[in-house]
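The values are calculated or read from the model by the stated rules, or taken from the named source; none is laboratory data. Since we're looking at a predicted model, the values are computed, not measured. FYI the Cβ positions are ideal-geometry reconstructions off the backbone, even for glycines, and counts take in every protein chain you see.
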Amino acid sequence: MSERVKVKVLLLFGDDAEIVADVPADERDEPARYPAADVAAAVGLAPEELPGRTLTAVVGPGDRLSGWRLA
């Protein structure tokens, strides 16, 4: 069974969105990068609207995220 988790988009770095778990900062791992255009398309936003947004995603193999939704 896949787990859906809450995540936060920190910023855009080139064509990528830097994404972290939506937990207190001292509990976070390093940001993971995902194609901003793919994440934005999945949630119906423009890529430049992603920073600061809280989303949910499904944790898949290798802890990669997919199935993006607005939280």
Check the stretch 37-55 and report whether any residue there is in contact with a strand residue (DSSP E or B) (Cβ under 9 Å, 6 or more places away or on another chain), at pLDDT below 95 and assigned to a loop (DSSP other than H, G, I, E, B).
no
As an exercise: evaluate Gly67 against (1) assigned to a loop (DSSP other than H, G, I, E, B); (2) within 17 Å of Glu3 (Cβ to Cβ); (3) within 12 Å of the chain's Cα centre (by Cα) and give the number of the one condition it does not meet.
(1)
Go through the stretch 1-36 residue by residue and tally those that are in a helix (DSSP H, G or I) and over 10 Å from the mean Cα position of the chain (by Cα).
3
Being under 15 Å from Arg4 (Cα atoms) and exposed (fewer than 14 other Cβ atoms within 10 Å of the Cβ) is the filter here, so list the residues in the stretch 35-64 that pass it.
Thr54, Gly60, Pro61, Gly62, Asp63, Arg64
Determine, yes or no, whether Gly67 is surrounded by 11 or more Cβ atoms within 10 Å (Cβ to Cβ), at positive phi and in contact (Cβ under 8 Å) with a residue 24 or more places away in the chain.
yes
Selection from the stretch 1-11 of residues over 14 Å from Arg69 (Cα atoms) and in contact with a strand residue (DSSP E or B) (Cβ under 7 Å, 6 or more places away or on another chain) yields Ser2, Leu10, Leu11
Name the pairs whose Cβ atoms lie under 6 Å apart, with the first residue in the stretch 14-34 and small (Gly, Ala, Ser), the second assigned to a loop (DSSP other than H, G, I, E, B) and surrounded by 10 or more Cβ atoms within 10 Å (Cβ to Cβ), and 6 or more positions between them or separate chains?
Ala17/Leu50; Ala21/Arg28
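Of everything in the stretch 56-71 that's small (Gly, Ala, Ser) and farther than 14 Å from Asp22 by Cα, which residue is modelled with the lowest pLDDT?
Gly62
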Look through the stretch 12-34, keep the residues that are loosely packed, with under 13 Cβ neighbours inside 10 Å and not aromatic (Phe, Trp, Tyr), and return whichever of them is nearest to Ala71 (Cα to Cα).
Pro24
